[in-house]
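Before any comments, here is the structure.
Values quoted throughout were computed directly from the atomic coordinates according to the rules given, and no laboratory measurement underlies them. The model shown is predicted, which means the values in this text are computed figures rather than measured ones. Here Cβ is always computed from backbone atoms with ideal geometry, including for glycine, and neighbour counts include all displayed protein chains.
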Amino acid sequence: MGLKVLVVGGGGREHVLCWALAGSPEVGRVFCAPGNAGIAREFECVDISVGDVDRLAAWAVQQGVDFTVVGPEAPLMAGLADRFAAAGLRVFGPTRAAAMIEGSKAFAKDVMSASGVPTAKYELFDDPARARAYISSRGAPIVVKADGLAAGKGVCVCVTVSEAMTAVEDIMERRVFGDAGLRVVVEDYLEGPEASVMAIADGETAILMQPVQDHKRVFDGDQGPNTGGMGAYSPVPVVPAPLLDEIGRTVITPVLRELLKRGIRYTGVLYAGMMLTPRGPMVLEFNARFGDPETQAALPRMKTSLARVLMGAIEGRLSRERVEWSSDAAVCVVMASGGYPGKYETGKVIHGLDRATAAGALVFHAGTSSGPGGSIVTSGGRVLGVTAVGKTLAAARGVAYNAVREIRFDGAQYRSDIGLRGIG
Ligand code: AMP
Ligand code: GLY
């Protein structure tokens with residue numbers, strides 16, 4: 001028989017989630033809402049958008065879905081987990097109250113202060129004049145962040161005071177991110193390598209996933225504007241096992257405990273964006289979900305059944321679970337539309353997908369849809385996550401880039417240095 005599982009979302013992260021769940025011995029059928037053209041080739045897609053929480057819940061009840069895994073933050077903020085729980089459905093993803101750890105930077109900072117989690121010194125402002133005065137007193141470099149969700153664009157790392165003043169004006173006065181900019185967090189600038197630490201949490205206990213490093217800038221050598229992520233690799237040599245343990249002890253566990261004190265049980269992935277500063281690891285931000293593309297580089301290394309671990313989290317028995325990881329390395333190279341993260345065209349026919357798979361890669365689809373005559377066409381900024389596993393990072397990179405070179409679509413762009421930082 002096997003369990004029926006629903007994955008909510010339609011990007012590369014959801015594709016790898018479907019893949020890992022389908023590889024779990026407990027799972028019989030994998031559904032994805034709404035999915036994309038690549039997910040639809042292998043799994044059953046359901047045409048309901050991620051924000052349509054009521055229809056998703058009704059569908060899951062009617063189908064007898066055993067549990068649901070939520071990819072993106074928007075449905076979590078819209079209360080998907082609350083709605084599903086009320087309908088008696090099992091769901092892996094935090095409630096709306098818990099997802100505020102991502103939805104409000106002010107809330108995240110408050111939780112960190114209360115629990116002694118290391119993070120940049122900060123102040124919160126709802127008055128632009130006071131924000132400006134604070135910036136003048138602290139000087140640059142300094143970081144200005146819109147409090148609410150701004151599609152990953154609400155953070156301004158300001159090299160000069162005048163840049164920070166402009167950021168306050170844009171966010172608070174011109175409201176370029178709408179109500180997300182009603183308040184700003186102004187925090188000290190931190191320096192060091194970054195790493196993403198994802199923890200699977202059942203409210204009290206968390207199992208740390210292997211660390212991953214994302215590549216946020218669009219061009220090689222970390223040049224150009226920030227994106228959703230142009231590639232990822234794991235393991236990350238700058239986060240050896242003792243440091244990962246330290247992050248679990250000093251960040252993940254205290255946050256879960258502090259949330260419990262506030263009456264919030266956090267079930268889902270608690271993702272800590274870490275800066276490894278000379279003073280120790282410090283939190284840049286939290287996400288309430290699996291990272292994208294981080295998950296594409298993490299799950300192929302996971303030997304334990306993903307379904308079993310997520311069920312363990314939903315049922316509150318993670319303290320009795322163990323997760324095994326392969327010592328292999330994984331590299332995910334994102335292929336994006338020309339112009340991304342700015343304006344880009346869609347509808348470009350993608351060639352060579354089967355040759356890329358034959359070259360040994362896992363090709364996770366992000367922004368693709370079905371085109372004429374059975375073709376697959378681009379439909380988003382990030383199009384594909386071409387992922388490979390190998391004995392070493394260098395080996396995984398070799399396979400991933402060979403596969404990337406098999407794939408063609410008009411305007412395709414990708415970074416050629418994904419994972420290089422891990423090779424030293
Ligand atoms: P966030 O969305 O908060 O992760 O911020 C996006 C990016 O901005 C991070 O990945 C960092 O590269 C950078 N950033 C955020 N906060 C700081 C900080 N306090 N100091 C330096 N860089 C930062
Ligand atoms: N890659 C960063 C994120 O998922 O937020």
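For region 1-84, the square roots a ≥ b ≥ c of the C-alpha gyration tensor eigenvalues yield an a/c of 1.5 or more together with a/b not exceeding b/c, which makes the shape oblate. The orientation-averaged projection of the convex hull spanning the C-alpha atoms of region 101-231 amounts to 9.0 square nanometres.
For Arg355 and Ala78, what is the calculated FRET efficiency with R₀ set at 45 Å and r taken between the beta-carbons, to the nearest 0.05? Let's see the in-between values first.
Values: r = 40 Å, r/R0 = 0.88.
The computed FRET efficiency comes out at 0.70.
Extension gain for the segment Tyr189 to Ser326, taken as residue separation times 0.36 nm less the Cα-Cα distance, is 45.8 nm to one decimal.
Taking only the Cα atoms of region 228-370, the radius of gyration and Dmax are 18.2, 53 Å. Computed about its Cα centre, the charge dipole of the chain is approximately 400 debye, with only Lys, Arg, Asp and Glu carrying charge at their Cβ.
When the trypsin sites (Lys or Arg not before Pro) in region 320-424 are filtered for DSSP coil states and for at most 11 other beta-carbon atoms within 10 Å of their beta-carbon, the remaining sites are Arg322, Lys343, Lys391. What the phi angles of region 355-368 give under the Karplus curve with 6.51, -1.76 and 1.60, with θ = phi - 60°, is a coupling list of 5, 5, 5, 5, 6, x, 9, 9, 9, 8, 8, 10, x, 9 Hz, glycine and proline written as x. Its Cα gyration tensor gives region 379-424 an equivalent ellipsoid. The semi-axes, each the square root of 5 times an eigenvalue, are 22, 11, 9 Å from largest down. Taken over region 273-350, the percentage of Cα pairs per 5 Å bin, counting from 0 up to the bin with the maximum distance, is 3, 10, 12, 14, 19, 17, 11, 9, 4, 1. With all pairs of separate Cα atoms included, region 38-125 yields a Kirkwood hydrodynamic radius of 14.9 Å. Applying 0.36 nm per residue to the separation of Arg217 and Glu246 and subtracting their alpha-carbon distance, the gain on full extension is 7.7 nm.
In whole angstrom, how long is each semi-axis of the equivalent ellipsoid of the chain, when you take the square root of 5 times every eigenvalue of its Cα gyration tensor and sort them from largest down? Please report the intermediate quantities before stating the final value.
Working: eigenvalues 198, 135, 97 Å².
So the equivalent ellipsoid measures 31, 26, 22 Å along its semi-axes.
For region 346-390, what does the alpha-carbon gyration tensor say about shape, rounded, prolate or oblate, given a ≥ b ≥ c as the root eigenvalues, a/c under 1.5 as rounded, and a/b over b/c as prolate? Because a/c hits 1.5 or more and a/b fails to exceed b/c, region 346-390 counts as oblate.
Find how much the distance from Ala133 to Ser370 grows on full extension, using 0.36 nm per residue of separation minus their present alpha carbon separation; answer in nm with one decimal. Numbers along the way, then the final one.
Working: separation 237, 0.36 × 237 = 85.32 nm, distance 5.28 nm.
Taking 0.36 nm per residue and subtracting the Cα distance, the gain is 80.0 nm.
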